[in-house]
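Bear in mind these aren't lab numbers, they're just calculated from the coordinates by the rules spelled out. Since we're looking at a predicted model, the values are computed, not measured. A quick note on method: Cβ atoms are made from the backbone with ideal geometry, for glycine too, and the neighbour counts reach across all protein chains shown.
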Amino acid sequence: AARKRSSYDMITLTTWLLKQEQEGVIDNEMTIVLSSISTACKQIASLVQRAPISNLTGVQGATNVQGEDQKKLDVISNEVFSNCLRWSGRTGVIASEEEDVPVAVEESYSGNYIVVFDPLDGSSNIDAAVSTGSIFGIYSPSDECHIDDDATLDEVTQMCIVNVCQPGSNLLAAGYCMYSSSVIFVLTIGTGVYVFTLDPMYGEFVLTQEKVQIPKSGKIYSFNEGNYALWDDKLKKYMDSLKEPGTSGKPYSARYIGSLVGDFHRTMLYGGIYGYPSDQKSKNGKLRLLYECAPMSFIAEQAGGKGSDGHQRVLDIMPTAVHQRVPLYVGSVEEVEKVEKFLSSE
Ligand code: P6P
């Protein structure tokens, strides 16, 4: 049985990463990149928790490449994440939801990892102090990840795009930090899902859950049913079926925070399904493949769950554009397979 740890014997994220490095699961450069990401998350956590005090709620007055009104904290979180990755010296290219194109990191000395991230997902919730999160994924540089001294800006940008447009099956690591009643850092490096909780007493993430397993089924569904009228008829049939009492006599429960990280984390721990389908308005759904759907699907699979676009494994999708959107159904295997069955029915 796992040894009960007393509060002064907790494993911190730092010591956990060093242990993985000693065991050869990750290399020194990855340890540095993940540690710098956790530092960025701690900084964003403090910004988010004090937003109303430091007048950081509300909009920046600009729109991002997604055409969304940028919140003040979207811009600042992006700068925090980018700077932490730059100063790590182990990142070759970064791609952010808040940047039009991926950028090469001049300060890269070794490692050259490719990092994709959404620095503050769900930021429309900030003003109401509802859960938000940062999402990230890490790839190896593809072979062409070098920058000739005489390369033009366009050649560098093209090289960066080649490096970030990799299928989720290539992910070496993925995770998120949820800014909620607790600040929770969730990470997988391909050996299961580990959960760390920020101890504000001394500003360290401490290991609180190992090798999380998503329940095989769960009677919680997490969709924005406001879009029901725009959904495909097969999806409507699926949604209607969840409301029938069924053999257990109880229908499913609806839970929707409107923040992917919060909805996903609850789904991973309690079971059930989170979905953002395509609809007549958004032919490919709303969520972005590279830095939302693929990292979350990698984490789900590492926890024994599933991530699908309704017809195929999200991790098998080859991105063709940095900000490409795909439909997402993620969570308990049986629940994702149930919606896939409805969507593929005649
Ligand atoms: P809707 C937040 O903007 C986000 O990207 C996800 O965090 C969240 O799950 C989804 O969009 C909410 O979208 O259309 O339901 O408001």
*Taking the Cβ-Cβ separation of Asp149 and Asn170 as r and a Förster radius of 22 Å, what is the calculated FRET efficiency to the nearest 0.05?*
0.20
*Can you list, bin by bin at 20 Å, the percent of alpha carbon pairs in the chain, starting at 0?*
31, 59, 11, 0
*For the chain, with a Gaussian network of springs between Cα atoms less than 10 Å apart, report the residue from Arg50, Arg325, Arg255 with the top mean-square fluctuation.*
Arg50
*Would you mind computing, in nm to one decimal, how far apart the modelled labels at Gln60 and Asn83 are, each placed 7 Å from Cα along Cα→Cβ?*
1.4 nm
*Helix 28-49 vs. the chain, principal-axis angle (Cα, 0 to 90°, nearest 10)*: 70 degrees
*Relative to the longest principal Cα axis of the chain, at what angle does helix 72-88 sit, 0 to 90 degrees, rounded to 10?*
50 degrees
*Setting aside same-chain residues fewer than 8 positions from Lys72, which aspartates and glutamates have a Cα under 18 Å from its Cα?*
Glu97, Glu98, Glu99, Asp100, Asp118, Asp121, Asp127
_Between Thr320 and Ser248, what is the label-point separation in nm under the 7 Å Cα-to-beta-carbon projection?_
4.0 nm
*Could you check the simple spin-label distance between Lys281 and Thr15, using points 7 Å along Cα→Cβ, in nm with one decimal?*
5.0 nm
*Which of the pairs Lys211/Lys306; Lys211/Lys234; Lys71/Lys286 have their Cα atoms more than 23 Å apart in this structure?*
Lys211/Lys234
*Would you work out which of Ile26, Ser110, Val93 lies farthest towards the positive end of the dipole of region 1-112? Charges go on Cβ: Lys and Arg +1, Asp and Glu -1.*
Ile26
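Pull out a ≥ b ≥ c, the square roots of the eigenvalues of the alpha-carbon gyration tensor of region 59-197, then state rounded if a/c is under 1.5, prolate if not and a/b is larger than b/c, and oblate in the remaining case. Walk me through the intermediate numbers first.
Numbers: a/c = 2.21, a/b = 1.33, b/c = 1.66.
Oblate, since a/c reaches 1.5 and b/c is not below a/b.
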